[in-house]
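Written below as structure tokens is the structure these notes are about.
The values are calculated or read from the model by the stated rules, or taken from the named source; none is laboratory data. Model, not experiment: these values are computed from the prediction. Please note: Cβ atoms are built from the backbone with ideal geometry, for glycine as well, and neighbour counts cover all protein chains shown. Surface areas here come from the heavy atoms of the whole protein model, side chains and all, with no ligands, DNA or RNA. Shrake-Rupley method; radii C 1.70, N 1.55, O 1.52, S 1.80 Å.
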Amino acid sequence: MKNVFTPEIYQVFSQEELKDIFNGGWWGSKKGLISEQYLYDILAQCATHPEYFDFSQKTSDQPIINYMILKRIKKRFNIVRRPGKAAGSWAGTSHFHREGDKLIDPTVNQPLDYLHWAGIRISPECPYWDIWEHYRYLGESKPTNYPQKTERKKV
């Protein structure tokens, strides 16, 4: 919960409900699930209750996305909490083995169901870029070049 919600969130969600949220971007990718109006409504709700959110570590939008998914999706499934052992998923993990365009987690001898780049900028320099690129452009043409990384100036 650290770096996402504050303890005040228990006024809205139970501990069990909070365990359900994982990889909120997956839900956000479901066409038609979140309308533009719903987005405005949930953002207004979040603005009314800033005490629910922990932005102390300069978190970006993840607390808002998690809140929105918890409010919007009543039947959720956290793939990481499924019965039995689940393969890892974080792209910062270096011990995955490759089998073609798949990654295998040798600690459980299972293929990854997805690859999660939390905290990692997806760019040609990131881990497993070639696999991301393969699946991102599956069935369509890849761009011929990508924007170059720019350095931010500190003010």
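Name the residues in the stretch 58-75 that are open to solvent by 80 Å² or more (accessible area, probe 1.4 Å) and closer than 20 Å to His116 by Cα, would you?
So the first thing to find is which residues in the stretch 58-75 are open to solvent by 80 Å² or more (accessible area, probe 1.4 Å), and the list is 58, 60-61, 72, 74-75.
Once the filter is applied, which keeps residues that are open to solvent by 80 Å² or more (accessible area, probe 1.4 Å) and closer than 20 Å to His116 by Cα, the stretch 58-75 yields Lys58, Ser60, Asp61.
If Tyr10 satisfies every condition in (1) at pLDDT below 90; (2) more than 19 Å from the chain's Cα centre (by Cα) but one, which is the exception?
(1)
List, please: which pairs have Cβ atoms under 7 Å, are six or more places apart or on different chains, and start with a residue in the stretch 133-155 that is within 20 Å of Ser29 (Cβ to Cβ) and end with one that is assigned to a helix (DSSP H, G or I) and at pLDDT 65 or above?
So the pair list comes out as Lys142/Glu133.
Can you tell me which of Glu51, Glu140, Glu125, Glu99 is modelled with pLDDT of 85 or more, closer than 21 Å to Phe13 by Cβ, open to solvent by 70 Å² or more (accessible area, probe 1.4 Å) and of a type outside the set (A, V, I, L, M)?
Details: Glu140 fails: closer than 21 Å to Phe13 by Cβ; Glu125 fails: closer than 21 Å to Phe13 by Cβ; Glu99 fails: closer than 21 Å to Phe13 by Cβ.
Only one candidate passes the filter, namely Glu51.
Taking Ile104 as meeting all but one of (1) open to solvent by 50 Å² or more (accessible area, probe 1.4 Å); (2) in contact with a Pro (Cβ under 6 Å, 6 or more places away or on another chain), write down the number of the exception.
Only one criterion is unmet by Ile104, namely (1).
Six or more apart or on different chains, Cβ under 6 Å: which pairs go from a residue in the stretch 46-73 that's farther than 23 Å from Ser35 by Cα to one that's loosely packed, with under 14 Cβ neighbours inside 10 Å and at pLDDT below 85? Could you list them?
From residues that are farther than 23 Å from Ser35 by Cα, the pairs are Asp54/Asn3; Gln57/Asn3; Thr59/Asn3.
State which residue is nearest to the chain's Cα centre (by Cα) when the search covers only the stretch 54-70 and only residues that are of a type outside the set (D, E, K, R), modelled with pLDDT under 85 and farther than 10 Å from Val4 by Cβ.
Ser60
Tell me, please, whether a residue that is part of a loop (DSSP other than H, G, I, E, B), free of Cβ contacts under 8 Å to residues at least 24 places away in the same chain and closer than 21 Å to Ser29 by Cβ can be found in the stretch 106-113.
Just the residues of the stretch 106-113 that are part of a loop (DSSP other than H, G, I, E, B), to begin with: 106-109, 112-113.
Right, trim to free of Cβ contacts under 8 Å to residues at least 24 places away in the same chain and you get 106-109.
From the residues that got through so far, the ones that are closer than 21 Å to Ser29 by Cβ too are none.
Taking every residue of the stretch 106-113 in turn, none turns out to be part of a loop (DSSP other than H, G, I, E, B), free of Cβ contacts under 8 Å to residues at least 24 places away in the same chain and closer than 21 Å to Ser29 by Cβ.
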